[in-house]
Amino acid sequence: MRLTCTVNGSAQQVDDVWEGESLLYVLRERMGLPGSKNACEQGECGSCTVYLDGVPVCSCLVAAGQAEGRAIGTVEGMGSEETLHPVQQAFLDAGAVQCGFCTPGLLVATDDLVTRSLAAGAPPADAEIREALAGNLCRCTGYEKILDAVKLAAQRMAAPTTGAPR
Amino acid sequence: MRFLQPTTWAEALEAKTVHPDAVAIAGGTDVMVAVNFGRLRPAALLDLTRVGELQEWGTEDGVVRLGAGVPYARVITELGDRLPGLAMASRTIGSPQIRNRGTVGGNLATASPAGDAHPALLAADAEVEVASVRGTRTIPISDFYRGVKRSALAADELIAAVRIRPPSGPQQYSKIGTRNAMVIAVAAFGLALHPDRRAVGTGIGSAAPTPRRATAAEDFLAGELASAGLWESRAELPATTAARFGELVASAAAPIDDVRGTAAYRVHALSVMARRTLGWAWTEYRTSKEV
């Protein structure tokens, strides 16, 4: 079947999509966007987290056809190598990236958390961070640095002029 | 495989009649796992996410009608006050990503004995509204579960909604797992006190072939509360009553040993969860205003 959707703001169309295929497979294997990672394929690890119409979801659990006409945001849409997104810069600066496999999913989940928290008026508290990232597994177990990175990102995104270059 | 994508409820029911072997998919948190692992190759996937009617909830004659496609995240944020037990259960499910997609309708359709919504639905005396082109029928939640991952749903039927009366008293929910997120329950328990009709509701999860009530425990507790005048006096609950309630809940279970826990542990955990949730609920009842 044919799938038409918007990915990171650009219209995309792919053909010959198998009806049982996941959105993750389409992104990685048909659209050349391997940022979202394929690990557990059962929604346990969060490494395939993307925005679907602005809501973070495990793309491995979205049937490709369910994305028809929807807007998808992946880690590739967050920043470029020249201008990193403040969440990406914070993960680098805090030393929150080890093997990097969980990082794309954590970046999307963190961006969602920090954006929502700041819109509600305050950076996320430690308990909120742990709850919001509970579905993103890091098997290098770098969680303390990841917590540091989220707090750093929230601080910079609340006051972008004092943060890293955007 | 076909991919069917109705945009109205009538189209969805028509599609299910024409393709009774189609597997309905909403959040995909069960269906896509099975497809990804090659365990499920249905003739068709019937995507229900475009059916607007399923994504809504409303109140009819004081009863909340929760569309089958409303995700857990919205149950938590929009219905925490009206459906506290189900909202508590929803908070224990998966992760934010899973709660953004997974639905109560999907939990019912999968009918896993470990489904987190079931104990809360049982305790609250929910009803499941199912439909086909033949018509709509309402199934009491206790009659819905028919075996391990089997339900009363016919091949041409789809789940439209769950009907739940907002509580007249406290509700509680407890779940045992190895961490506070992303776990399939080792055992779970839902409790509802119904002071308006002097009744007690319970639901046991992950400790029998199907989710089930502990009716002997419900009858015992309702009887004790009535005979001691505790509904009216709101006095302290005797420790012996709470302990006996826990024992009766545990004795209603029929668990197995599996990778998540032993049958003996599940029985013990249920007695503890039942006693504790009753303690929390009774404390709330004692300190709440009379209505």
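Below are the figures for this structure:
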| quantity | calculated |
| --- | --- |
| Residue that is under 30 Å from B:T29 (Cβ atoms) and among the small types (G, A, S), where the choices are B:A264, B:A235, B:A187 | B:A187 |
| Segment A:118-142, residues that are exposed (fewer than 15 other Cβ atoms within 10 Å of the Cβ) and within 13 Å of another protein chain (Cβ to nearest Cβ) | A:A120, A:A127 |
| Residue in segment A:87-104 that is in contact (Cβ under 8 Å) with a residue 24 or more places away in the chain, touching a strand residue (DSSP E or B) at 6+ places or on another chain (Cβ under 8 Å) and within 15 Å of A:K37 (Cβ to Cβ) present | yes |
| Subset of segment B:1-32 that is more than 15 Å from B:I159 (Cβ to Cβ) and among the charged types (D, E, K, R) - its residue that is farthest from the chain's Cα centre (by Cα) | B:R2 |
| Subset of segment B:247-262 [more than 20 Å from the chain's Cα centre (by Cα) and free of Cβ contacts under 8 Å to residues at least 40 places away in the same chain] | B:E247, B:L248, B:S251, B:I256, B:D257, B:D258, B:V259, B:T262 |
| B:V148 vs. criteria among the β-branched types (V, I, T) and closer than 22 Å to B:T92 by Cα | yes |
| Some residue of segment A:18-33 being touching a residue at least 40 places away in the same chain (Cβ under 8 Å), outside the structural domain of A:M157 (by TED's automatic domain parsing) and among the acidic types (D, E) | yes |
| Among the residues listed as B:P113, B:P119, the single one being in a helix (DSSP H, G or I) and of a type outside the set (S, T, Y) | B:P119 |
| Conditions (1) over 13 Å from B:A114 (Cβ atoms); (2) assigned to a loop (DSSP other than H, G, I, E, B); (3) in contact (Cβ under 8 Å) with a residue 24 or more places away in the chain: number failed by B:L191 | (2) |
| Condition met for B:S174 (modelled with pLDDT of 95 or more and within 14 Å of chain A (Cβ to nearest Cβ)) | no |
| All positions within segment B:229-244 that are assigned to a helix (DSSP H, G or I) and in contact (Cβ under 8 Å) with a residue 24 or more places away in the chain | B:W231, B:A242, B:A243, B:R244 |
| Residue count for segment B:87-115, restricted to those that are farther than 20 Å from B:L48 by Cβ and in contact (Cβ under 8 Å) with a residue 40 or more places away in the chain | 6 |
| Filter result for the condition that a residue is in contact (Cβ under 8 Å) with a residue 60 or more places away in the chain and either surrounded by fewer than 19 Cβ atoms within 10 Å (Cβ to Cβ) or over 27 Å from A:E41 (Cβ atoms) (or both), over B:R50, B:R65 | B:R65 |
| Qualifying strands (runs of 3 or more DSSP E) (wholly inside segment B:127-175; at least 2 residues being acidic (D, E) and surrounded by 13 or more Cβ atoms within 10 Å (Cβ to Cβ)) | B:127-132 |
| Residue within segment B:267-287 that is in contact with a Ser or Thr (Cβ under 9 Å, 6 or more places away or on another chain), exposed (fewer than 13 other Cβ atoms within 10 Å of the Cβ), closer than 18 Å to B:S168 by Cβ and modelled with pLDDT under 95 present | no |
| Segment B:177-188, subset part of a loop (DSSP other than H, G, I, E, B) and in contact with a Gly (Cβ under 8 Å, 6 or more places away or on another chain), residue nearest to the other protein chains (Cβ to nearest Cβ) | B:A181 |
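The values are calculated or read from the model by the stated rules, or taken from the named source; none is laboratory data. Worth saying up front: this structure is predicted, and the values here are computed from it rather than measured. A quick note on method: Cβ atoms are made from the backbone with ideal geometry, for glycine too, and the neighbour counts reach across all protein chains shown.
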